[in-house]
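This report concerns only the one structure given below.
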Amino acid sequence: MRYSRPVGVLSVLVAVLFLLAGCAAPLPSDPGQLQYPALEFHLPEVETLVLDNGIRLYLKEDRELPLVQITALIGAGGITTPKEKTGFADLFGSVWRTGGAGERSPEELDEFLDHLAANLGASMGPYTSQLDLSIRTQDLEQGVSVLADMLRRPKFASERLELARLQAQEQVRRQNDSPGAISRRLLMAALYPDSSLGYTPTHDTLARVSRQDLVDFQQRYFAPNELWMAVSGDFDRDTLMQLLQQNFGDWEQRQVSDQVMPTVARPKSGLIQVVSKDLPQTTVVIGDLGLTKDDPDQYAVRVFNYILGGGGFNSRMMREIRSNRGLAYSAYSYFQVGRRLPGLFVAGTETKNASVVPAVTLTREIMSELRNNPVDQDELQLAKESQINSFVFSFENTHSVVNQQMTLMFFGYPEDYLASYRDRIAAVTVDDVQRVAREYVDLSRQQIVLVGDPEEFRDELEQIGLPVTDVDLDENPETAR
């Protein structure tokens, strides 16, 4: 039987639509007059506890998907690597993951993880060594067992070390292919000359890393009281605690010496390093040391950086260098807040060779303007609102919340750091921005790296007012360290 809608019902629906349209407030002609409700964001609660042997746990259940994610963090990294063994950190992370663990050979471990459809990654940063595991809920028991083997009984198979070494040496061979990689390498070497942060691996330094070096590091620094674990996803808390007790309960805590941080000092004088490459444009990087997490200026610096070059098209660098002068397609800046040592302050762009000096000069003029004159109140408000509104995107999923809270606690951030972050940004004033600009931007000590064809700009470099040196990477690759 054919079905047709009654005319009376259709008439009522049409009438309701007209009524709703008449009740709706008219849209303003100016988009700037649009009003939105206040953005509210509340950090999810994360359970924290410490096991009897010192393992610190950060837990958050999430039943959305039948998956569990675990991050295991050991509080030691590659920061103390001696110069003659530069490259140790990357080799450790690679062989830790690929070299087998427990009773499983490298091949057996790979096959086992593939069978479970599990993702397992390993890495070593400057201050930490980390495992990241994603596994189905039904396979959590096997996943925790694998983590225990990786942390307590890694094999570091010799053949996997040799493979990782060959791959790293190939990267060394190709390290001068990318102008961006060259500029960053030279900048890091200039700012961290006496630290592994500023060293670059060579064939010789990679060759000096032995399997025993990997074993010694694991035996020296891996202990339950140095282990932090973030667990999120579809797990039962009681079941998880039983699995942790079975796999880690007999791991006895012991005293582990903290790694001694190298001394880092701001450059006493500026320098322009020029690397000649047959390219139509030059990569420009201007850098200095930034600040650490313990510096209360970090909030004002974040706002200052947004105004300078971190705010995309809302930043002064992008507006002046790209939009108003047409010197480059993009321009940027960023401040890194160092966890243990001062992070980087970098401003950069890519421009045609003939425009190098105008682009560098204009960037430094913008910095001077921020040092010498207060920012506009509207510009300040836009920067603060952008920082506050983008804060929520720091937490892509439940595990990012748990992992970030664990990481912040490991590095000694205040307990209310995340909860108070937006309020601290909102409290930044015009005077604060100018004060940090004067404190952290010193044109006389800036390290500038130019990678391009200098024939079109060499004669103009003296206008910048800093000494100039040429870097020949082919003739003396050690200068890249």
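The values are calculated or read from the model by the stated rules, or taken from the named source; none is laboratory data. Here the structure is a predicted model, which is why all the values come from computation and not from measurement. We place every Cβ from the backbone using ideal geometry, glycine too, and count neighbours over all the protein chains shown. What goes into the accessible areas is simple: the full protein's heavy atoms, side chains included, and nothing from ligands, DNA or RNA. Shrake-Rupley method; radii C 1.70, N 1.55, O 1.52, S 1.80 Å.
A few points about this structure:
- The chain, accessible surface, carbon-and-sulfur percent (1.4 angstrom probe): 48 percent
- J(HN,Hα) series, region 130-139, from Karplus relation 6.51 cos²θ - 1.76 cosθ + 1.60, nearest Hz, glycine and proline x: 9, 10, 10, 10, 10, 8, 5, 4, 5, 10
- Anchor LYS268: aspartates and glutamates whose Cα lies under 12 Å away (excluding residues fewer than 8 positions away in-chain): ASP288, ASP442
- Residue-averaged 222 nm ellipticity for the chain, from DSSP H runs of 4+ at -39500 (n - 2.57), nearest 500: -12000 deg cm²/dmol
- Whole-angstrom gap from region 311-385 to region 254-290, using each part's C-alpha centre: 19 Å
- Projecting the Cα atoms of LEU466, VAL356, ILE366 onto the charge dipole of region 349-481 (Cβ charges, centred on the Cα centre) puts ILE366 farthest toward the positive pole.
- Bridgeable lysines around LYS277 (alpha carbons under 22 Å apart, same-chain partners fewer than 8 residues away excluded): LYS352.
- From phi via Karplus (6.51, -1.76, 1.60), per-residue ³J(HN,Hα) for region 204-212 in Hz, x at Gly/Pro: 5, 5, 5, 5, 7, 7, 9, 4, 4
- Cα-centre dipole for the chain with unit charges at Cβ (Lys and Arg positive, Asp and Glu negative), debye to 20: 420 debye
- Region 329-385 shape via C-alpha gyration tensor axes, a/c threshold 1.5: oblate
- Gyration tensor verdict on the chain (Cα atoms; rounded if a/c is under 1.5, prolate if a/b is larger than b/c, oblate otherwise): oblate
- In this Cβ point-charge picture (+1 for Lys and Arg, -1 for Asp and Glu), region 120-199 has a dipole of about 160 debye about its Cα centre.
- Each peptide among 357-368, 339-350, 260-271, 199-210 gets the average number of other Cβ atoms lying within 10 Å of its residues, and from highest to lowest they stand as 339-350, 357-368, 199-210, 260-271.
- Along region 410-416 the Karplus relation, 6.51 cos²θ - 1.76 cosθ + 1.60 evaluated at θ = phi - 60°, assigns HN-Hα couplings of 4, 8, x, 5, x, 4, 9 Hz to successive residues, with x for each Gly and Pro.
- Proximal lysines relative to LYS293, as straight alpha-carbon distance under 21 Å, when same-chain residues fewer than 8 apart are discounted: LYS384
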